[in-house]
Amino acid sequence: GKYFEIQFSPGGEPDGGKISNFLLEKSRVVMRNPGERSFHIFYQLIEGASAEQKHSLGVTSMDYYYYLSLSGSYKVDDIDDRREFQETLHAMNVIGIFAEEQTLVLQIVAGILHLGNISFKEVGNYAAVESEEFLAFPAYLLGINQDRLKEKLTSRQMDSKWGGKSESIHVTLNVEQACYTRDALAKALHARVFDFLVDGVKRDLLLTPKCLYLIGREKVKQGPDKGLVKEVLKRKIEIERILSVSLSTMQDDIFILHEQEYDSLLESVFKTEFLS
C-alpha cells in the first residue's frame, strides 16, 4: 500500500528519502464493516477543532454525519482524537503546510462529511435532492455553486461522436446513481487531499539527501544535516496518520464514476497547489 525509499550515507546513516502513496482505501470514506472507524482525520476534526473552527466548518456531533454513522463506531480506547488533532496540525506546519492551506484542508474534510448528508428522492423516476438545506453547506465549504453541485450529483453529460460529428447528451440520474455519484465525489476529494499532503512531505522534507554521490565522482550536492533527517523521519510517521487509517491491497474500483468529468468541478474546489 505504501512505498518508502530511504537514502543512506556511505557510513550507513539515513540522509533522506521519499514516500509514495498508492492503493489508498478510499472506500472507507463512504462504507465500512460494523465496528470499524473511517479515517482518523474526521474524528480528530470533530473532537479537536476549536469553537471558532466548529462554527465556520459546521462541525457538530459524530452521529450527525451519515458517513460516520454507518458503522456505529466513533471512539477507540487507546486513541485521543483531541490530542491527535493538534499533532496533525503541528505535523502539517512541519512540512510547510501553514494556516491558510490548513484551513483549506479542513474545509474539504468537513465538506466531505456534509456531502454525505445529502440524500435524494425519486421524482418521476429521476433523482432530486431531498433537502436543499443539506446541499447548501457542503457547497459553501467546497467553494462550489450550489446549483452546480446539485446538477453534478443528479445528472451527467455524455459526449458521443459518430459520422464525424459530436453531440452532448444531458442524462438525468436515478436515486441509486445519484448516491453513487455523491460517494464517488467524496472519495475523490479525500484522495486529492491525501495526495496533496503526501506531496508536501516529499517536497519539503524527504526529497533532499544530505549528500548526493555519483559512481566515480565526488559529492555534488549538500542537503540537511543528521538532526534534520531524524526529525524528517519522525514527522513522516506522524503525517501518515493525518488521513490514513489503513491501505488496501486492492484499488477501490467499486464505483469510479466518470472521474474525468469531475476535473472541472474539482478544480473549482482545490487551489492550484492541490492539483500539483
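We did not get these values from a lab; they are worked out from the coordinates using the rules stated. Please read all numbers here as calculations on a predicted model, not as lab measurements. FYI the Cβ positions are ideal-geometry reconstructions off the backbone, even for glycines, and counts take in every protein chain you see.
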**Prompt:** Order of 182-195, 55-68 by packing, highest average Cβ count within 10 Å first?
**Reply:** 182-195, 55-68
**Message:** Which order do the peptides 87-97, 27-37 come out in when sorted by mean C-beta neighbours inside 10 angstrom, highest first?
**Reply:** 87-97, 27-37
**Prompt:** Counting other Cβ atoms within 10 Å, which trypsin sites (Lys or Arg not before Pro) in the stretch 71-131 have at most 14 and lie in a DSSP loop?
**Reply:** K75
**Request:** Distance check, please: which entries in K152/K202; K26/K75; K75/K121; K75/K150; K75/K152 exceed 28 angstrom between their Cα atoms?
**Result:** K152/K202; K75/K121; K75/K150; K75/K152
**Message:** Run the simple label-point estimate for E100 and D63 please: 7 Å along Cα→C-beta, distance reported in nm.
**Reply:** 4.1 nm
**Request:** List the GluC sites (Glu not before Pro) within the stretch 99-179 that fall in a DSSP loop (any state other than H, G, I, E or B) and whose Cβ has at most 16 other Cβ atoms within 10 Å.
**Result:** E130, E132
